[in-house]
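Values in this text are rule-based calculations from the coordinates and carry no lab data. Note that this is a predicted model, so its numbers are computed, not measured. Glycine gets a Cβ as well: all are built from the backbone with ideal geometry, and neighbour counts include every protein chain shown.
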Number of protein chains: 2
Amino acid sequence: MASHGFWSLGAENAADSTSQIPSTPRAWCQAAAQKFTGGIGSKLCALLNVGETEKPRDPSSKHGSSEAEACGCSKATVSFSDLYSTDLLPALDGDMKTMNFLQEVVDILLAYIVESFDRSTKVIDFHYPNELLQRINWELSDEPETLDDILISCRATLKYAIKTAHPRYFNQLSTGLDMVGLAADWLTSTANTNMFTYEVAPVFVLLEYVTLKKMRAIIGWEDGRGDGIFSPGGAISNMYAMLLARYKMFPEVKEKGMSSVPKLAAFTSEHSHFSIKKGAAALGVGTESVICIKADERGKMIPSDLERRIVEAKQKGFVPFFVSATAGTTVYGAFDPLIAISDICKKYNIWMHVDGAWGGSLLMSRKHRWKLNGVERANSMTWNPHKMMAVPLQCSALLVREEGLMQSCNQMQACYLFQQDKHYDLAYDTGDKALQCGRHVDIFKLWLMWRAKGTIGFEAQIDKCLELSEYLYNKIKDREGYEMVFDGKPQHTNVCFWYLPPGLRYLDDKVEKMKRLHKVAPTIKARMMEYGTTMVSYQPQGDKVNFFRMVISNPAATFEDIDFLIEEIERLGQDL
Amino acid sequence: MASHGFWSLGAENAADSTSQIPSTPRAWCQAAAQKFTGGIGSKLCALLNVGETEKPRDPSSKHGSSEAEACGCSKATVSFSDLYSTDLLPALDGDMKTMNFLQEVVDILLAYIVESFDRSTKVIDFHYPNELLQRINWELSDEPETLDDILISCRATLKYAIKTAHPRYFNQLSTGLDMVGLAADWLTSTANTNMFTYEVAPVFVLLEYVTLKKMRAIIGWEDGRGDGIFSPGGAISNMYAMLLARYKMFPEVKEKGMSSVPKLAAFTSEHSHFSIKKGAAALGVGTESVICIKADERGKMIPSDLERRIVEAKQKGFVPFFVSATAGTTVYGAFDPLIAISDICKKYNIWMHVDGAWGGSLLMSRKHRWKLNGVERANSMTWNPHKMMAVPLQCSALLVREEGLMQSCNQMQACYLFQQDKHYDLAYDTGDKALQCGRHVDIFKLWLMWRAKGTIGFEAQIDKCLELSEYLYNKIKDREGYEMVFDGKPQHTNVCFWYLPPGLRYLDDKVEKMKRLHKVAPTIKARMMEYGTTMVSYQPQGDKVNFFRMVISNPAATFEDIDFLIEEIERLGQDL
C-alpha cells in the first residue's frame, strides 16, 4: 500500500511547519489528482500551489487532463453497485473508493442544503407513521447492502426529513441551519472524539474552556470566572443546576442520599419548562416538592408570590434550596424579573438558577440584554446556543458561578480515566465534573460560528429575529380574525395568538365558540404539514384553548415569510 | 433569486416520483453544472443522465466544458479571503459560495481521513495545554473573521487533534472511524433535528423504533418486545436503569421524592463502572448505598458475595432495589456471571440491570455471545454501539424489558410539545419518556452502518478485534519482561499487563521494584504521546501498581499493529 505520509494538513497555515512536505508541489499535486476524484485533488493542489505560477492552466495539457480525470469530468461515474462498506478504508487501497463514496454523500447533502433554503420546496413531505414505515424497507438484516443501496437510503432519509433550514420552518425553538456551524459539525464527526480528557480531545477541551469563560464574562461574572460544562440539552443543564444547589447546601447528600437531608423545596414559575419537574423526579426530590409560583398575565413570575410560598414552605418544615427563574419561557417567551427574584434568594439563602435555555442568547444583544438584568446575581444559568443562536443541535451550556463545585459534586475519580500521574496539567481533564463519562464534542460548532460571525454577528442575527416577531405582532394585533393571547409587545420572539375563522368570529355561544376554536389550530397545523408549506407550533395553556405559538429563531426568515405564514393560516383555516 | 425547486432529491430512487423534474435532463444538467463547483454538478448530472446516451463525452464540447468549468478544473480557486459567513446561505445568491465553502471544508476533511489511516503519520501532535493555548489564537472576539480564517482554524484544529481513526490508537474503548458511520453523521448534522417528536424527526424516530426492536430481539426478548432509548452515553443509560428500578418498586417516588421511600441499596461489582455510583449520587440514593460486591481474580462478580450482601443489607433495614451486573468491565473486560446473578435477583425480587456498555456488542457474535448468557433475564441493559461496534460517538442504547415503564416514570406531558390532539399516532412521540427534552439524533449512524455491514459484518468486525487481542495475549504471556495482571485468555479485548524494563526484572527488593514499576507505564505513555506513535491506556487497580490496559475496538488495527505496540513499549521503556 502506498504511503500518504505527505498529506500533511495545513502546513502552509499552521504555526509550525515540522510536518513532512513532498519534494515538490508539482509532485504532490500529481499524486493528489490521481488519488482523488470530485475535484478534491485539484483543490488540494491549488491550495498548495499558491504562488506557484508554473502550474499549467491549459485543460488539454498533461497536468490539466490528469485533473480532469481526477474530478470525473470525462470519466464515467464510479459505480457503487458492486462496492460494499468493506471496500472502504481501512481496506487496503480503500482510499480512492472512500473519497468517491464520501464525495457522493456530500453531493447529496449539498443538493439537499440548497433545496432546503428554497421557498418553492416543501418544508416536509409528510406521511403518517405506518405509511412511512411501509413505504420504504427500513429493516435491518444479516446481509450487507451495496454502497449504492446506502446512497439510496441516504436520499430516502432526506426525502422524508423535515427541512429544518427552510425559511418557513418555525415549529421549534431550534430552527435554521448555519453553514459554518454545519461545517464545524462535519469536522467534529470526522475528529470523532470524546470530551472527558485533554489526552483525547486537546483542542476541543481548550475551546470549551475559552468559550465558557467568554460566556461567563457576558453574563457579567468578574473576569469570566466560574465553572461550567456543555451538556446534552437544556433539561440536563437544569438538572445539573438542581444537583449543584442541593450539594452546596447538603454536601453529605452525595454519599448518604436524600434520607440524610430534610425535605427540600424547589420553586419555579407555573410557566417554566417541564424539565425542572423532570429533574426533581429524577434526583429524588419529587415533583410535589417543586412549588409552582404564579405568573402574571404576561407569563412572568410574581416575586411576591415566590416569597409567600417560600415562607409557607419553611413553615411546613421544608427547606427551600432552589429557585429556577426563567429567562424566556417556552410558550410566552416571558422573562422573569431576575433582580427581584435574586433579592428574595439572597434573603432566604437559596440557590438562584436562571433557565435561559431559550432567552439566554439575548445577552448577546446590546438592545435586548436588559431583559436579563440581574442574571449576574444568579448562581447558575442554562444557556442553549442551539436555540436562538442557531448553532446546530446539540449545544447547551450550564454556567456556574462558584469554581470547583461541579468537580466536588460529581467526581468519582476513576483511576483508569483520570490518572493522577499524567504528564500534563490535570486541570484540563474536565470529565469528572460531568454526570456523563463519555461526552460528545458540542463545542466546536459554537466556537467556529463565533469566530465567523463575531459577537456582533450573533447580535445582528438575534436582533433580526426579534424585529421579525415585532413585525408579526404589529401585523396581526389589530387584524380581523386575530386575537392575542396576552397584551403588549412580546419580549422574545414568541407571538401567541388565536386565529378565528370567519364562521367563528361572531358566534355568540361562548362555550361553543371556545370548543370550536380549540380545534382550529390543530386542524390548520395538520393541513400545513400535509401541504408541507410551513410549520408552526400550537398548544393550550391553563384555561386557554389551543393557540398558535409562533417563534422565530431561523436566520433565513424574512418579512415575506411572516406575510406568507399569515396568508397560509387564513388560506387553510377560512372554512373552519 | 433563481428558484431551485427542481432539485428534487432521489426522484429516480424513491418509491414515488411526485416530485417536480426539470423539462429535460440536459437542461437540468446544465443548470446543475453552472450552480455547483467541485465536481458536484457533474456528478449530480451523471446521476440523472443514467440511460441517456446522447450525453457528449468529449470534454471539449460545450457540455463538457461547462462541466469542466463547474468542477474547477480550469478555473481559479475561489478566494475566501474576502468572504464572510454572511455571504453564505441564507444570503441572496449565497448558494454557489456555500457550495464552494462546504466543498473546501470537505476537502480538508477527506485529506485528514486519508492521513488518519496512514501508519506513517502521528496519532497525535502533542503539546502541553498552556503551550497549545498560546500556539494559536483561539480567542473569541466581537468582529467576524473571513472564511479563509475559518478554514485555517479548521486545519489547525485537526492538526492538533487526536487521530482516533489511526490504526495504532488504542487508548479508549471507542476507537476507529467507520466511513459509512461518518457519512451518516454528516447527514445527521445536515438534517439538524431533534428526536422528541415524530413531527420533527419522522424518519429518525422510525429508525430508532426499528433498531431498538432489533437489539431487543438480539438480547433474546420475545419478538423484540420492550422499550428503550438512545441516550447521551453509557453513564446516562445506567442512570436511566437505576431510575426505572426505583420507580418500578416505589412509583410514589416520582411525586413524593426519596423521603417517601425506605433506605435503598444498590449492588454492583467492585470492578464496575463509576457511573453506577455517579448515578446513585445524582438520584439521591447516595454512593454509600451502592454496595460493591467482590470480584474474583478475573474481575467477575462473585454471586455468593452478592447474596450475602443482599441479606446483610436487608437485615440492616435497607431495601435492595437494583443490581447492576457488568458485561465487559472497563479495565479487565470481565463478564459477570449473569445466570447466577439473575437467579439471585429473582429470589429477592430485585431489578437486574446489565451494564453492557463495553461488552454488549458481543451479542452480535455467534462465537462470543455465550459470555452474556442470561442477559435475556435482565430487566434492562446498557449497550453502547459507539464502543465495540465502532459507531461514531455518541451512540448508547438503554434497552428495557417492560413496555410503558419509561413513559410513566419520566413523562411530564408538556402540552406545548406533546399535544394530544395531533393528527398522527402519538405512540411515535417518544420524547416524554426521556430525561432530556431535546435529544440529539444518534440513531442514523448505527442504522446506516447496520444496513451497510449487515449483522454478519458487525460480527466479523468484532470477532477480528477479539482475535487480535488473543494474538497479543499469546505473544506476551511468556515473553521476557512481561507479566499478566490476571491469568488466562481475556474474555473481551482487554489485555492487562506489566512491562518490566530490563533494569527492573531481577530486582530483589520487592517494595523498590513495585515503586519503580508503578512509574513505568506513565512514563512510556508520556513518551508515546510525545513521539505520537501510538496510544494505550494504563491505570492501577486496587493494590496493583500501574499496568497497561490494551483494548482493541479499532477495525483498522492489524496483527502488525499489535507487533508495533510491543516493539514501541520496549523501545520507549528499555532504559527505565
Would you give the gap between the C-alpha center of segment A:139-206 and the C-alpha center of segment B:257-322, rounded to a whole Å?
39 Å
Formal net charge of residues neighbouring residue B:492 (Cβ-Cβ distance under 14 Å; K, R +1; D, E -1):
+4
Between residue A:137 and residue B:139, what's the calculated FRET efficiency when r is the beta-carbon distance and R0 is 41 Å? Round to 0.05.
0.25
Rounded to the nearest 5, the percent of antiparallel DSSP beta bridges in chain A equals 50 percent
Please grab the % of Cα pairs in chain B that end up more than 36 Å from each other.
48 percent
Amide H contacts of residue A:539 (H built 1.01 Å from N, under 5 Å, at least 5 apart or other chain)
A:547, A:549
Let me confirm one metric for peptide B:430-440, namely the mean number of other chain beta-carbon atoms within 10 Å of its residues' beta-carbons.
6
Just add up the charged neighbours of residue B:406: K/R +1, D/E -1, any other residue whose Cβ is under 10 Å from the Cβ of residue B:406.
-3
Mind checking the angle between helix A:179-191 and chain A's longest principal axis? C-alpha axes, 0 to 90 degrees, to the nearest 10.
70 degrees
Those trypsin sites (Lys or Arg not before Pro) in segment B:215-312 that DSSP places in a loop and that have at most 15 other beta carbons within 10 Å:
B:225, B:294
Taking the Cα centre of each part, how many Å lie between segment B:501-533 and segment B:107-123?
32 Å
Among bridges DSSP assigns within the protein assembly as shown, what percent are antiparallel (round to 5)?
50 percent
Averaged over the residues of B:80-86, the number of partner chain Cβ atoms within 10 Å of each residue's own Cβ comes to 3
Filtered GluC sites (Glu not before Pro), segment B:91-140: DSSP coil and at most 16 other beta carbons within 10 Å:
B:139
For peptide B:257-267, compute the average count of partner chain beta-carbon atoms within 10 Å of each residue's beta-carbon.
5
How many angstrom lie between the Cα centre of segment B:546-561 and the Cα centre of segment B:409-439?
43 Å
Specify the angular offset, from 0 to 90 degrees and rounded to the nearest 10, of the alpha carbon long axis of helix A:62-71 from the longest principal axis of the alpha carbons in chain A.
40 degrees
Subtracting the Cα-Cα distance of residue A:477 and residue A:507 from 0.36 nm times their residue separation yields 8.8 nm
Bridge type composition, segment B:347-407 - antiparallel percent by DSSP, nearest 5:
50 percent
Please give the FRET efficiency for residue A:420 paired with residue B:408, using the beta carbon to beta carbon distance and R0 = 56 Å, rounded to the nearest 0.05.
0.85
Quick one: if you stick a label point 7 Å off each Cα along the C-beta vector at residue B:79 and residue B:558, how many nm between them?
4.6 nm
If labels are modelled 7 Å from Cα along the Cβ direction, residue A:426 lies from its partners in the other copies at nm distances, smallest first, of 5.1
